Structures are given as C-alpha cells and as structure tokens.
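Read-outs throughout are calculated quantities, based only on the coordinates presented, and are distinct from any laboratory measurement. Computed from a predicted model, the values in this text were never measured in an experiment. Backbone-built Cβ (ideal geometry, glycine too); neighbour counts: all protein chains shown.
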Ligand SMILES: Nc1nc2c(ncn2[C@@H]2O[C@H](COP(=O)(O)OP(=O)(O)O)[C@@H](O)[C@H]2O)c(=O)[nH]1
Ligand SMILES: [Mg+2]
C-alpha cells in the first residue's frame, strides 16, 4: 500500500508541529513558541500505524503569511511540490481556536487560490488550544453564522472538523 500523504498548513504558532507529533506519536517535529524556531522548510516524517498503513506527514511553514513577499510564498509552495510530486491525499488546516482573527479567515480563502478549487475535498479542519468539548466547538462555530467563511469552508469539506 503506498503511503497516504498529508500536509499541515496554518499560521505559525497555531500548533502544526505539535499536531504532527501527536499524529505520528513522535517528537520528530519541533514544536516551539520561540521565534527562532520559525522555519521556512518543510519537515517530513514517514510513519506506520498499527494497521500497517504508512503516512507521510509534511509540516509546512506558513504559506499564507500576507507579510511575505510573493516569491517567498511561491518558494514554499514549490518545496511542497518536490516533497509530494503526485499531490496530497489530505490537507489539515490547523487553527488555534482561541485566537481566530480576520487574518486567519482570509488565509482560509487563500487556500483555494493556492491549492485549487478541489482543495475542500481533501481538507480537514483541526482546532488546537481547544479544551472544550466538540459540542461546545460546534456551538461556537454556529455562533459565527452559516455564511461565515470558516463555516462555509467546513461545509465544503463535508463537515470534517
Ligand atoms: N495548550 C495547548 N498548547 C498547544 C496546542 N498546540 C500547540 N501548542 C503549543 O503552542 C506552541 C506552538 O505550537 P507549534 O506546534 O510549534 O506551532 P506551529 O508553528 O504551527 O508548528 C507550542 O509551544 C506548543 O506546545 C494545544 O492544542 N494546546
Ligand atoms: Mg512548526
């Protein structure tokens, strides 16, 4: 069975590396609050779960940082193409729940521009810094309203949050 390939995207400090460690049951990915740890490269790890299925996890630097010059954002995306030349099976959007800003929402809409309109078919939304139950998370999302960019994106992703 070929490995399933997925990438973690989202803003720096929102918990991509920590989620990558949890999923792979490793401490391979450097999870840190320190600014120095901010990396421009993709960290990757191939791991096998109990069923024997292999996963290739790609921990991405922020590709939606609007402060970055376009060539740097392109470089980050092209590094992904090198790591996964045949594309991704899934894309996990890591969102720090306690700090959902407008910029965060804008970066969700940018995903379609970066990864194409099919992106939602492969998207999974992961909320970090979220001690609440899933019912509370659902209630908080509902408060944003159906037309909210985040709820529309989750809807397009078939509710995978
Ligand atoms: N309390 C809490 N801390 C988290 C969670 N996810 C990440 N962190 C912490 O937030 C900081 C940034 O996480 P990191 O994975 O490095 O973020 P990245 O820049 O997106 O890779 C680290 O100090 C993590 O330990 C979470 O769900 N809850
Ligand atoms: Mg990281």
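Here the translational diffusion coefficient of the stretch 1-96 follows from Stokes-Einstein with Rh set to the Kirkwood radius across Cα pairs; for 4 °C and 1.567 mPa s it amounts to 94 µm²/s. Once you divide the Cα radius of gyration of the chain by 2.2 N^0.38 Å, the number left is 1.01.
Stretching residue 118 away from residue 47 to a fully extended chain increases their span by 22.9 nm, per 0.36 nm per residue minus the current alpha-carbon distance. This ranking places 9, 49, 98 by how few other beta-carbon atoms lie within 10 Å of each, fewest first, which gives 98, 49, 9. Between residue 135 and residue 70, the FRET efficiency from the beta-carbon distance, with R0 = 35 Å, is close to 0.25. Note: relative contact order over the stretch 4-156, using C-alpha pairs below 8 Å and six or more positions apart, is 26 percent. For the stretch 40-78, the residues whose backbone nitrogen is under 11 Å from a point 7 Å from the Cα of residue 30, taken along Cα to Cβ, are 40-41, 43. Our note on the geometry: Cα centres of the stretch 1-66 and the stretch 115-132, 14 Å apart. Counting only DSSP beta bridges whose two residues both lie in the stretch 4-156, roughly 30 percent are antiparallel. Spin-label model, residue 101/residue 40: points 7 Å from Cα along the beta carbon direction are separated by 2.2 nm.
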